[in-house]
Amino acid sequence: MAQPQLTTPVVAVIAAKGGVGKTTVAANLCTLLAENGRKVLAIDLDPQNALRFHLVVDRQTAEIGLAQALMEHRPWSHVMQPGRSGVVVLPFGLVDDEDQIGLERFLAEQPHWLGQTIADFQLPPDTIVVLDTPPGPSVYLQQALRVSNLNIVTLLPDAGSFATLSITERMIDKYCRTRSDFIDTTYLVNQVDTGKRLSRDVLQTLRADLESQLLGVVHSDQAVSEALASAAPIRSYAPFSQAAQDFSMCAAQLLRRLAPYETPRSGTPRPQ
Ligand SMILES: Nc1ncnc2c1ncn2[C@@H]1O[C@H](COP(=O)(O)OP(=O)(O)O)[C@@H](O)[C@H]1O
Ligand SMILES: [Mg+2]
């Protein structure tokens with residue numbers, strides 16, 4: 001199976017560490033892109049199956065996902081779920097340890113499975129595919145990096161995130177840099193607390209190091225976890241919160257970065 005050429009941009013949210021906010025970032029960007037008039041397919045490539053908590057309207061049905069489509073040959077239309085703000089969600093699905101190992105073996109043997117699957121969906125060209133991934137190297141991250149056009153590396157402003165950056169960058173070099181359809185890797189610094197000296201200092205260093213690769217900064221804001229608990233996107237739960245504004249800026253920046261590489265859509269205004 002060769003890697004198919006995709007016509008829709010694929011954005012992978014990645015990090016070497018867990019708990020840095022990948023799923024939160026992926027979910028909030030998805031709803032904001034959809035509110036910007038884009039069609040969005042959110043794919044959860046993390047066996048934790050947590051993207052559903054942010055996005056899926058009926059969380060119960062999201063216990064079935066891509067794992068069941070693969071293992072039980074369920075049609076894709078049965079496992080795709082309607083999500084908030086019109087996002088279509090492909091959950092990972094709930095699996096036990098043995099199924100997960102079997103699934104990972106299959107994905108290791110079929111390196112282009114994700115690319116082929118997205119191609120088979122025949123998505124409208126103005127769709128953006130957003131991938132949520134588990135932390136660190138895995139077959140899921142390999143699959144994601146083989147198809148992503150743009151990566152969003154999520155970082156915390158702390159020493160731990162710095163220390164693990166090279167792990168992620170090595171994987172990006174291996175799977176993305178050589179592809180002609182690869183745009184760039186961007187960085188999102190999450191949970192910034194400007195009241196803390198370390199947070200401020202690390203952010204300053206990151207700004208200097210990353211320069212134009214910095215997609216944006218999201219402050220630590222309790223509205224983020226409150227929105228999750230209320231199962232609402234932050235922009236509707238707390239529209240004037242710092243995090244809602246931060247995520248809006250990141251989404252606008254993301255659209256700007258994708259725009260030069262997209263096929264112009266007739267009659268549809270470009271987001272500013
Ligand atoms: N900007 C933020 N402000 C406050 N809490 C946040 C922020 N971003 C993420 N969180 C919280 O951090 C925790 C981990 O986030 P999550 O998205 O699950 O990380 P990951 O997917 O990288 O494991 C969650 O409880 C989430 O609500
Ligand atoms: Mg996650």
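Derivation of every value follows stated rules applied to the coordinates shown; laboratory data play no part. The structure displayed is predicted, hence computed values, not measured ones. Heads up, the Cβs are rebuilt from the backbone with ideal geometry, glycines too, and the neighbour counts pull from every protein chain shown.
Under the rule a/c < 1.5 gives rounded, and otherwise a/b versus b/c splits prolate from oblate, where does the range 1-50 land using the Cα gyration tensor?
Since a/c reaches 1.5 but b/c is at least a/b, the shape of the range 1-50 is classed as oblate.
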#### Entry: Residue order, fewest to most beta carbons within 10 Å, for V89, V57
V57, V89
### Query
Modelled label-to-label distance, S212 and K174, 7 Å Cα→beta-carbon offset: nm?
2.9 nm
### Query
So what's the chain giving for Rg/Rh, alpha carbon basis, Kirkwood Rh from the mean inverse pair distance?
0.94
### Message
With θ taken as phi - 60° and the coefficients 6.51, -1.76 and 1.60, list the Karplus ³J(HN,Hα) couplings across the range 94-100 in order, rounded to whole Hz; mark glycine and proline as x.
### Response
7, 9, 8, 4, 5, 4, 5
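Once Rh is set to the Kirkwood radius over Cα pairs, what Stokes-Einstein translational diffusion coefficient, in µm²/s, holds for the range 88-219 at a temperature of 4 °C and a viscosity of 1.567 mPa s?
Numbers: Rh = 16.7 Å.
Reported coefficient: 78 µm²/s.
Based solely on its DSSP helices, what 222 nm [θ] is calculated for the chain when runs of n ≥ 4 H residues each add -39,500 (n - 2.57) and the sum is averaged over all residues, nearest 500 deg cm²/dmol? Working shown, then result.
Working: 12 runs with 120 residues, N = 272.
Estimated from H runs of four or more residues: -13000 deg cm²/dmol.
Between R105 and R200, how high is the FRET efficiency from 1/(1 + (r/R0)^6) when r is the Cβ-Cβ distance and R₀ = 35 Å? Nearest 0.05.
Values: r = 45 Å, r/R0 = 1.30.
Approximately 0.15, to the nearest 0.05.
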### Query
So, with +1 on the Cβ of K and R and -1 on the Cβ of D and E, and no other charges, what is the size of the charge dipole of the chain about its Cα centre, to the nearest 20 debye?
780 debye
### Query
Can you list the GluC sites (Glu not before Pro) in the range 1-91 that are in a DSSP coil and have 13 or fewer other beta carbons within 10 angstrom?
E72
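If you take every residue apart from Q242 with its C-beta less than 14 Å away from the C-beta of Q242, what net charge results, scoring Lys and Arg +1 and Asp and Glu -1? Mind showing how you got there, number by number?
Values: positive: R235; negative: D193, D221, E226, D246.
With Lys, Arg at +1 and Asp, Glu at -1, the neighbours total -3.
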### Dimensions in Å of the range 27-117 - Rg and Dmax from alpha carbons
13.2, 40
### Query
What are the residues whose amide H is under 5 Å from the amide H of L214, where those residues sit 5 or more places off or on another chain and H is modelled from the backbone?
Y187
### Task
Note the full-extension length gain between D96 and R256 as 0.36 nm times their separation in residues minus their Cα-Cα distance, in nm to one decimal.
53.6 nm
### Summary
As straight-line cross-link partners of K17, the qualifying lysines (C-alpha separation under 26 Å, not fewer than 8 residues apart within one chain) are K174, K196
### Query
Where does each of M171, M249 land when they are ranked from fewest to most other beta-carbon atoms within 10 angstrom?
M249, M171
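Rounded to two decimals, what ratio of Rg to Rh does the range 183-236 give with C-alpha atoms and a Kirkwood Rh? Could you put the intermediate results ahead of the total?
Values: Rg = 13.5 Å, Rh = 12.5 Å.
The Rg/Rh ratio comes out at 1.07.
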